1. Within the stretch 141-164, work out how many residues are within 19 Å of L95 (Cα to Cα) and touching a residue at least 60 places away in the same chain (Cβ under 8 Å).
2. Can you go through V105, V116 and tell me which one is β-branched (V, I, T), modelled with pLDDT of 75 or more, over 18 Å from T149 (Cβ atoms) and surrounded by fewer than 22 Cβ atoms within 10 Å (Cβ to Cβ)?
3. Between a first residue in the stretch 110-129 that is more than 23 Å from L244 (Cα to Cα) and a second residue that is among the polar types (S, T, N, Q) and modelled with pLDDT of 95 or more, which pairs have beta carbons less than 8 Å apart while being 6 or more apart in sequence or on different chains?
4. Determine, yes or no, whether L438 is surrounded by 21 or more Cβ atoms within 10 Å (Cβ to Cβ), more than 19 Å from the chain's Cα centre (by Cα) and assigned to a helix (DSSP H, G or I).
5. What's the total number of residues in the stretch 155-194 that are at positive phi and basic (K, R)?
6. Yes or no: D135 out of contact with any helix residue (DSSP H, G or I) (no Cβ under 9 Å at 6 or more places or on another chain) and at pLDDT 95 or above?
7. Go through (1) in the same structural domain as Y159 (by TED's automatic domain parsing); (2) among the hydroxyl-bearing types (S, T, Y); (3) under 19 Å from the mean Cα position of the chain (by Cα) one by one and return the number of the condition T408 breaks.
8. Assuming D97 fulfils every condition listed in (1) over 23 Å from K423 (Cα atoms); (2) in contact with a strand residue (DSSP E or B) (Cβ under 9 Å, 6 or more places away or on another chain); (3) without any contact (Cβ under 8 Å) to a residue 60 or more places away in the chain apart from one, which condition is it?
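The values are calculated or read from the model by the stated rules, or taken from the named source; none is laboratory data. Given the structure is predicted, the values throughout are model-derived calculations rather than measurements. Glycine gets a Cβ as well: all are built from the backbone with ideal geometry, and neighbour counts include every protein chain shown.
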Amino acid sequence: MKSLSNLYRLNPGVDQIRTIKYQLANLLTKLHKNHVVQSRCKQTFGLTVRKRNNTFDCSRPLSYSVIRQRKLVLGIETSFDDTGAAVVDDDGNVLGDALESQTKVHVEFGGAKPDVAMKIHKQNIRPVVDRALCDANVSLKDLDAIAVTTKPGLEPCLYVGLNYAKELVAKSGKPMIPIHHMEAHALTVRMIHKVDFPFLVLLVSGGHALLTVAQGVDDFLLLGKGLDNAPGDTLDKVSRSLNLKVLPECQGLSGGAAIERVARGGNHKAIPFSSTSLGQPNCDFSFSGIQTSAKVRIEAIRKKHNLTEEDIIPNVSDFCASFQHGVMVQLLRRLQRAFLFCQQKGITSKQPTLVVSGGVASNQILRCGFEAVCAESGYNLVCPPPSLCTDNGIMIAWNGMEKLLHGTGIEADPQSLKAVPTKVLASCPIGESVREELVACQIKLPKSKPLHTRLNSIYTAEEPDSQNGL
């Protein structure tokens, strides 16, 4: 019995294991950084250190030919409707970046068309990669690895980037690092901000809504996911129903960006958009109900005023502001439950951090909402700049760099690698799922009034958009 009790004392609990895991993940990052810095110093200054009479002498002067060879990774992104490529170094510097967006094309089609997107990717992939390498002033032989998005996304689009990466790997002999698109979004922030593990991540885009805890470079806990329509897709479809693309100020904008533009100065309380999913004790997202409600209301307004589908409805600014607010409230209430769960399970640190990324995170009103819920719950909010929230090659290259520095994720057989589309990853899109454990906790949300008070201050500070006059 004594030996058993000693063994029990030696076995750490779940909380201790998590703490140790986070400490190791952060320590690995620091060790790799220190190793890079030390080797960089030796190579930069070209020093041969010799001990002479208890003093140290540097036998070689600085010369350009001995400048340290930094690690370089090329990233390739073609998961959806943007062809992106970038080269980053081990210090987070973006040396070359090229991006060709298909947004305007798909706006005309009323949404992304996989066959059209694939065709455009094929036209763009080579010149985009060449431009990134040219801007970085490097060639294939200078790279340490080639990172490419292999999941999730539109299958035809994924294969354009993957197949081209295979060509480059076969030609150069460089290692390939397959990248999970959403994990790349989650970790991009570490390229420009000091964010230690663990931290909470909300990823919101045209194809995804995910709430996860990043515990390491390739270690995630899934708290919640989208059950139906993604928030970005929902905003796009409602924008299409409103026919916002005919407005001069919305020309060339995505549906979500158009709603944000038209909503400026609108009354977010004009039309009550509530979410039926908020009563469930989980962190999953469902936007099909609010989308259907919006379409029904639009049809009713058009019928009342004898308008066609081509016409802009009256008070469209109020409609957009109210709908945008309804989408935001669901996101914020899910975050509140995630905060409480992480606190209860000891998952977060003493100074917890929320990272919000993805295309929808570029919406400035939503960002203000994230700031409000974080301020109320004692979280530090960190968001990548808007240019890094949408799909790009930089995030793929950086995720590849982090994996390279940690010695993980390098593909043993690149030529046999296959892409994994979004629909295949629907059951558990990122990391280990703890959604059932979260539901079992039956966490009750705090009263919404304090949060709504904070949110009201966002709109009172917002100036009406003098351009749209809607």
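1. Count: 7.
2. When all the criteria are applied, what remains is V116.
3. I120/T83; H121/T78; H121/T83; N124/T83; I125/T78; I125/T83; V128/T83
4. Considered against the rule, which asks whether it is surrounded by 21 or more Cβ atoms within 10 Å (Cβ to Cβ), more than 19 Å from the chain's Cα centre (by Cα) and assigned to a helix (DSSP H, G or I), L438 comes out as yes.
5. Of the stretch 155-194, the ones at positive phi are 173.
With the extra rule that they be basic (K, R), the set shrinks to none.
Going through the stretch 155-194 one residue at a time, the tally reaches 0.
6. Answer is yes for this residue.
7. The number of the failed condition is (3).
8. Single failed check for D97: (3).
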